[in-house]
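Everything on this sheet refers to the single structure shown next.
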Amino acid sequence: MKPVHIAGVLGVGMAAAFAFSAPAVAKDTVSLGIVAFLSGPAAGPYGVPGRNGAEMLIDAINKGTLPAPYNTKGFAGATVEAEYIDESGGNTKQVSEYRNLVQKREVDAVVGYVSSGSCAAIAPVAEELQTLTVMAVCGTPRIFEEAPREYVFRTMSHATADNVAAAHYVKEMMPDVTSYTGINQNYAWGQDSWRDFSLTMTDIMPAAKVSDKPQFPKIFAGQYGSEISALSLEGAELVHSSLWGGDLEAFILQATPRGFFHQKKVVLTVGGVSAYRLGKRLPDGVAIGSRGPYGILVRDRDTPLNKWFVETYNDTYGGYPSGAAYQYAQAILATKIAYDKAGEAAGSFPSQQQVIDSFKGLEFDSFAAPVKMALGGGHQAVTEHMYGLVKWDADAGVLSVTDVKVYPAECVMPPADKTSVEWIESGMPGAKC
Amino acid sequence: MAQFMDRTTAGLTIGFASVAILGVLVLPDWLMSQILIAFSRALAVLGLLVLWRTGLISFGHALYFGLGAYTVALLGKDLGITEVLITLPAAALVASVVGFGLGFVIRKYREIFFAMLNLAFSMVLFGILVKTEALGSTDGFSVEQPTLFGMGTDDSTAKLTSLFLGICAIGWIASVLVHRYLGSVLGSLTTAVRDNEIRVEYLGYSVAQAIHGKYVMSAALTGLAGGFTALALGQVDPESMVNWTVSGELVFVTVLAGPGSVAAPFIGSLVFELLRTYAFELVPYAWQLIVGGTLLVVIFFLPGGLWSLIARIGGGRKTGQRGTTAGTTAGTTAGTSAGEAGR
């Protein structure tokens, strides 16, 4: 029995040593686990551009080639090493992979996640394992509304902003709309999007009539013939949609020959994500969002950081960066700033707790717009939001946007003391537009 | 015969006890949590093994997996019941009640029709969950902190250790009971039903009832597996609990493990979990290729699954009984069923 005892004591001792050996030793490298869809239907529109954005930024950070004021090398001086893993395989798989990243591969922080389902599953585990986790893209407001988080951050606005801003844009650009309907996938993202949009419309355009037959095709349906017929027959003038990726492309390709886009005004809350892929097949005059100040909507913004980002992306991967590239890069950038600030304050390489403390409530200028970690006790970012109308620029052979409107964060995101649904249902008190 | 049963029971006892001791004393946390997930899934695979011995493969056991998981999660969320001694039996109970009801229809079918009918029922539940916002739709919802005798813990190591010991205990009990069942008269009918149903009827047994019994049993085990997985993950959602991919994964592990022994599901499930982890780590862009390739290799070269490898190494003359009955059974069933799964 003795050897077992000894092994046990050794094991416990080593575990304890690992547990307490974290703080304030000078470090040469910071290892990041980067999670994005590398296979499956979300890889093309989100995962791969997201991964590219992260990779490009990490490369620039290690070389110190980012524009000022972010031109210091590394995270608080330490070189960043990235491990990329695939987000597909379901939430069960993601939870075990997260544990592997933290406990087996011992990464210092995990950055990424596109799907709301992954984020909702990961957040409690991140708290349990006490590891800094920066969520890049996922939209569900639940993450910080259902429980306070200490180790989890999200560096972009949540999905409420997409649909509140969409309603404001409709009010501003299409004030004569008298009725509206929607086509959204029948899963959490689509259901939440339609709920937020229709609730906001009831608040700000009470005269417009909501359809009692919004369409909810199932996700990855690919065939929208009957939904397009149903929407066409219905009188509603405006169609709201949160379709994304292959579904959105299929819908547009099937609806265009039927004159759908001449007959209806259409607002696509994440149309910006697929904009470059669709090119001139995206009909002129469709209103698109890109989940905030990202992608096609900010392509021509003239900040040094944005110009650097667009040019470097184009040089590295060919083509303009889409929303997900911006969003992953923004998550990496935010983490760098938190490390740098914490390192400066500590005078040495910061501990995880010091990084988290400096991350909370962080305000910084990202590529195209400022970001404030304002909600969820300083863990959830808010940014301005934008919508624009699509216009094919035949001379340049590239898709552009016109009539871009910008909505400040205070207009489209709830205040810290209310959940998003409460806020919209109570008539969006305190919104400054 | 009695001696043989004792051997397996003793083997299971030693096996589970040593995994439990190793886990608590030596193994790192990540490996413990992998064993936890793997063994939770193994309970469902054990349920499928009971059916497979009869020559039946279900492509829809995610139905019971999901029912178990959502039972545990909903009891906590809506009724505030987090006591595992209530929630886990409830998970098995709900699954077996549904399995009992559907069993009346399903027991009439065999082969691909059996597999597909199960798949259809499981996708009905998937469809309902995805469309119901109150049940969290595709995002699912979190499972409340589980308690045992009213006690819970926020400490991650303590929680992991208790769940780990729990799954070792449940895995041991379940595998010993299934082993006893397979050795009983009713259990021995399994192979007989597969080989010749008419003869079984002439022996005076009801084939329909025998299959129905096995079906309910496998539903209960799968429900328990789902419930335990929900506790281990702290989150339920349709995509990773009820979708057909989950059923496929269960069949995958069943084929990988082989039907030779009640210990096979636990070994196979752990191998699958580790395989996937390393494939994920080494080839993040093509991990599915590695996982699928391994299954092909197993089907081609080890038609009796991983267990046949273990039986071959440790078996020989000493385990004569196992070698002749279970071994050959394993070989033939695995051959036919793996072929079916491959199609």
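The values are calculated or read from the model by the stated rules, or taken from the named source; none is laboratory data. Since the structure is predicted, the reported quantities are computational estimates derived from the model, not experimental observations. With ideal geometry, Cβ positions are generated from the backbone for all residues, glycine too; neighbour counts draw on all protein chains shown. For accessibility, only protein heavy atoms count, side chains too; no ligands or nucleic acids. Shrake-Rupley method; radii C 1.70, N 1.55, O 1.52, S 1.80 Å.
Observations on the model:
- Residues being buried (at least 17 other Cβ atoms within 10 Å of the Cβ) and closer than 21 Å to B:G223 by Cβ - total across the stretch B:171-194: 11
- Residues being more than 23 Å from A:Y46 (Cα to Cα) and at pLDDT 90 or above - total across the stretch A:85-105: 1
- The residue list A:G292, A:G285 contains one member that is open to solvent by less than 10 Å² (accessible area, probe 1.4 Å), small (G, A, S) and either closer than 29 Å to A:M156 by Cβ or assigned to a loop (DSSP other than H, G, I, E, B) (or both), which is A:G292.
- Residue check for B:G227: over 11 Å from the mean Cα position of the chain (by Cα) and closer than 25 Å to B:S175 by Cβ: yes
- The stretch A:164-189, subset surrounded by 23 or more Cβ atoms within 10 Å (Cβ to Cβ) and among the hydrophobic types (A, V, I, L, M, F, W, C), residue nearest to A:L243 (Cα to Cα): A:I183
- Matching entry among A:E87, A:E106 (being more than 7 Å from every other protein chain (Cβ to nearest Cβ) and under 22 Å from the mean Cα position of the chain (by Cα)): A:E87
- The number of residues in the stretch B:248-258 being open to solvent by 10 Å² or more (accessible area, probe 1.4 Å), more than 12 Å from chain A (Cβ to nearest Cβ) and either under 17 Å from A:S96 (Cα atoms) or hydroxyl-bearing (S, T, Y) (or both) comes to 0.
- Of the criteria (1) open to solvent by 40 Å² or more (accessible area, probe 1.4 Å); (2) more than 14 Å from chain A (Cβ to nearest Cβ); (3) among the β-branched types (V, I, T); (4) touching a Leu at 6+ places or on another chain (Cβ under 8 Å), which one B:T87 fails: (1)
- Of the criteria (1) surrounded by fewer than 24 Cβ atoms within 10 Å (Cβ to Cβ); (2) closer than 19 Å to B:V94 by Cβ; (3) of a type in the set (S, T, N, Q), which one B:T245 fails: (2)
- Qualifying residue in the stretch A:317-328 (condition: in contact with a Leu (Cβ under 6 Å, 6 or more places away or on another chain) and either closer than 30 Å to A:Y180 by Cβ or part of a helix (DSSP H, G or I) (or both)): no
- Residue check: B:S156 meets all listed conditions (1) closer than 26 Å to B:G80 by Cβ; (2) within 11 Å of chain A (Cβ to nearest Cβ); (3) modelled with pLDDT of 85 or more but one, namely (3).
- Among the candidates A:V406, A:V401, A:V390, the residue that is open to solvent by 40 Å² or more (accessible area, probe 1.4 Å), under 30 Å from A:D284 (Cα atoms) and modelled with pLDDT of 90 or more is uniquely A:V406.
- Restricting A:W308, A:W244 to residues that are in contact (Cβ under 8 Å) with a residue 60 or more places away in the chain and more than 19 Å from the chain's Cα centre (by Cα) narrows the list to A:W308.
- Filter result (more than 17 Å from B:L163 (Cα to Cα) and of a type in the set (S, T, N, Q)) within the stretch B:58-98: B:S58, B:T71, B:S96
- Scanning the stretch A:191-215 for residues that are at pLDDT below 90 and within 14 Å of another protein chain (Cβ to nearest Cβ) yields A:Q191, A:D192.
- Selected residue (criterion: surrounded by the most Cβ atoms within 10 Å (Cβ to Cβ)) from residues of the stretch B:259-282 that are of a type outside the set (V, I, T) and away from chain A (no Cβ under 14 Å): B:P265
- Filtered by the rule that a residue be more than 8 Å from every other protein chain (Cβ to nearest Cβ) and among the aliphatic types (A, V, I, L, M), the stretch B:32-43 gives B:M32, B:I35, B:L36, B:A38, B:A42, B:L43.
- Within the stretch B:128-159, the set of residues being among the hydrophobic types (A, V, I, L, M, F, W, C), touching a helix residue (DSSP H, G or I) at 6+ places or on another chain (Cβ under 6 Å) and open to solvent by less than 30 Å² (accessible area, probe 1.4 Å) comprises B:L129, B:V130, B:V143.
- Test: A:Y113 is within 14 Å of chain B (Cβ to nearest Cβ), open to solvent by less than 30 Å² (accessible area, probe 1.4 Å), at pLDDT 90 or above and out of contact with any Asp or Glu (no Cβ under 9 Å at 6 or more places or on another chain): no
- Selection of the stretch A:127-137 for residues being more than 14 Å from chain B (Cβ to nearest Cβ), part of a loop (DSSP other than H, G, I, E, B) and closer than 20 Å to B:D154 by Cα yields an empty set.
- Residues of the stretch A:70-84 that are farther than 15 Å from B:A279 by Cβ and either facing chain B (nearest Cβ under 9 Å) or not aliphatic (A, V, I, L, M) (or both): A:Y70, A:N71, A:T72, A:K73, A:G74, A:F75, A:G77, A:T79, A:E81.
- The stretch A:299-321, residues that are within 30 Å of A:T256 (Cβ to Cβ) and either assigned by TED's automatic domain parsing to the domain that holds A:K391 or open to solvent by 10 Å² or more (accessible area, probe 1.4 Å) (or both): A:R299, A:D300, A:R301, A:V310, A:Y313, A:N314, A:Y317, A:G318, A:G319, A:Y320
- Within the stretch A:325-380, considering residues that are β-branched (V, I, T) and closer than 24 Å to A:N306 by Cα, the one most open to solvent (accessible area, probe 1.4 Å): A:I337
- Unmet criterion (only one of (1) small (G, A, S); (2) more than 14 Å from every other protein chain (Cβ to nearest Cβ); (3) assigned to a helix (DSSP H, G or I)) for B:S58: (3)
- Residue in the stretch A:260-277 that is among the β-branched types (V, I, T) and either free of Cβ contacts under 8 Å to residues at least 40 places away in the same chain or open to solvent by 30 Å² or more (accessible area, probe 1.4 Å) (or both) present: yes
- Filter result for the condition that a residue is open to solvent by 20 Å² or more (accessible area, probe 1.4 Å), more than 18 Å from the chain's Cα centre (by Cα) and of a type in the set (D, E), over A:D192, A:D203: A:D203
- Pairs where the first residue, in the stretch B:264-286, is among the hydroxyl-bearing types (S, T, Y) and the second is assigned to a loop (DSSP other than H, G, I, E, B), C-beta under 9 Å, 6+ apart: B:Y285/A:L38; B:Y285/A:S39
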